[in-house]
Amino acid sequence: MLQASRDTAIPDVTNLNVALLGPDEPRRKVVASAISKHPGLKLHEFSSFPPRLDDLPQRLAQAYEIVVIDVDSEPDYAYALVESLCASGRTYVMAYSANADMKRAVQFMRAGVREFFTLPLDPNEVSAALTRASSHRAAPPPPDDNGRKIGKLFVFLGSKGGCGVTTLASNFALALAQESDSTTLLIDLGLPLGDVAINLGIKTEYSVVTALENPARVDANLLSTLVSKHSSGLSVLPAPTDLADVRATKEAVDKLLKVTREIYDYVVVDIGSRIDLMDSTLFEESSTVLLVTQVGISEMRTANRMILKYFSKRDDNLQIVINRYKTSDSLFDEGQIMKALTRPAQWKIPDDYAAARRTRETATPMVMVDSTISQTIRTMAKSAAGLLSEKNEKRGFFSFLR
């Protein structure tokens, strides 16, 4: 295995649901036996891979904290399954093989596998892997001073201007509000030229400037007068329509986030490429940062520098989004992209020019019209909200998860 430990104590891994996918029964039983030695685990064995990928990886991610996959059985399909599972960023994926093939192990690690076992298993390595998986579980949002849970925070940051941060943030927030049916607020901090309102096709009277200039006055009552409503139910705190000269101090931003997260279940913030706010609570450990980039020399170089400087210690709460992605005519192959980003990208927004043009001409948000782009963004929103997909369920999904 690529990660090992000398710790021989049985870890505290209670309340972990583990899915073991192994078409080869002898190999699966060996792995199941090693995992089952740890009390408190709920192990579910599956003797076959799902017949189709579709939404199944998301369903597995919802049902199980750990998914263990046999990579010797149908290696190509196992690889595609791993990629889909790791796209959500929440599931701790392990893999095992009867062959000590370092090239294959590295291939699956690059796809997102956290632990790679080689048979025969070392019990100490299995224990260490389960310990890491247990500590990997995302903590619930911390309560505020009154013991109330605060809303989840999603921050969209661009590696460079023109990457499409505002379009993605706006459509993600709209999809999140619709899919979760929860209170959702979108804040435009792309000052002074934020375009969130234009992207959503709404007219606004007030803006975020009032809140930033008067942090001491920010409370639920003030926000109710500043926020605009989209027809989807999404609340929007837009940038000003004119070129207002406003300085968003750390204190003002922190106060705004504190109050809004006490009111809303989800707060989505578009900050463009503003790294001057790195010291604010926008980037606290509990927030999820979605770093938007493109496959280009300048964009990839900047993304690399930002990750190494600001996010090298972040794990699941940093999600890399490659916008306008297309497999053909790319300057970089998959290996070069991952090397530049130092980790796999969780999301790849397809380069669907026709869909993008259609939404621009009709002033309709992208996720309101069916396309490959809207499907991907809605999947992102469902993943962020921890939802199961109900629209495209197939009978095979249910039978496989039973």
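Count charges around Asp276 for me, please; just the other residues with Cβ under 12 Å from its Cβ, Lys/Arg as +1, Asp/Glu as -1. In short, +2. The slack in the chain from Asn214 to Lys229, taken as 0.36 nm per residue of separation less the alpha-carbon distance, amounts to 3.2 nm.
Under a no-solvent Debye model with one identical scatterer per Cα of the stretch 155-236, what's log10 I(q)/I(0) at q = 0.13, 0.17, 0.25 Å⁻¹? Values, matching the q order: -0.42, -0.71, -1.32. For the stretch 159-181, the residues whose amide N sits under 19 Å from a probe point set 7 Å from the Cα of Lys309 along the beta carbon direction are 159-163.
Computed from label points 7 Å out along Cα-Cβ, the spacing between Arg110 and Glu251 is 5.0 nm. Among the trypsin sites (Lys or Arg not before Pro) in the stretch 148-206, those located in a DSSP loop and surrounded by at most 10 other Cβ atoms within 10 Å of their own Cβ are Arg148, Lys203.
Each of Leu121 and Asp24 was given a label point 7 Å from its Cα along the Cα-to-Cβ line. The distance between the two points is 1.5 nm.
For Arg357 and Asp181, the FRET efficiency from 1/(1 + (r/R0)^6), where r spans their Cβ atoms and R0 equals 41 Å, is about 0.85.
Put the Cα centre of the stretch 89-113 next to the Cα centre of the stretch 173-201 and the gap is 37 Å. Measuring max minus min along each principal axis, the C-alpha atoms of the stretch 192-242 give extents of 31, 24, 12 Å (largest first). A Förster radius of 30 Å, combined with the Cβ-Cβ distance separating Asp279 from Met338, puts the computed FRET efficiency at roughly 0.55.
Just so you know, all these numbers are worked out from the coordinates, no wet-lab data involved. Every value quoted in this text rests on a predicted model; they were computed, and no experiment measured them. Virtual Cβ from ideal backbone geometry, glycine too; neighbours counted across all protein chains shown.
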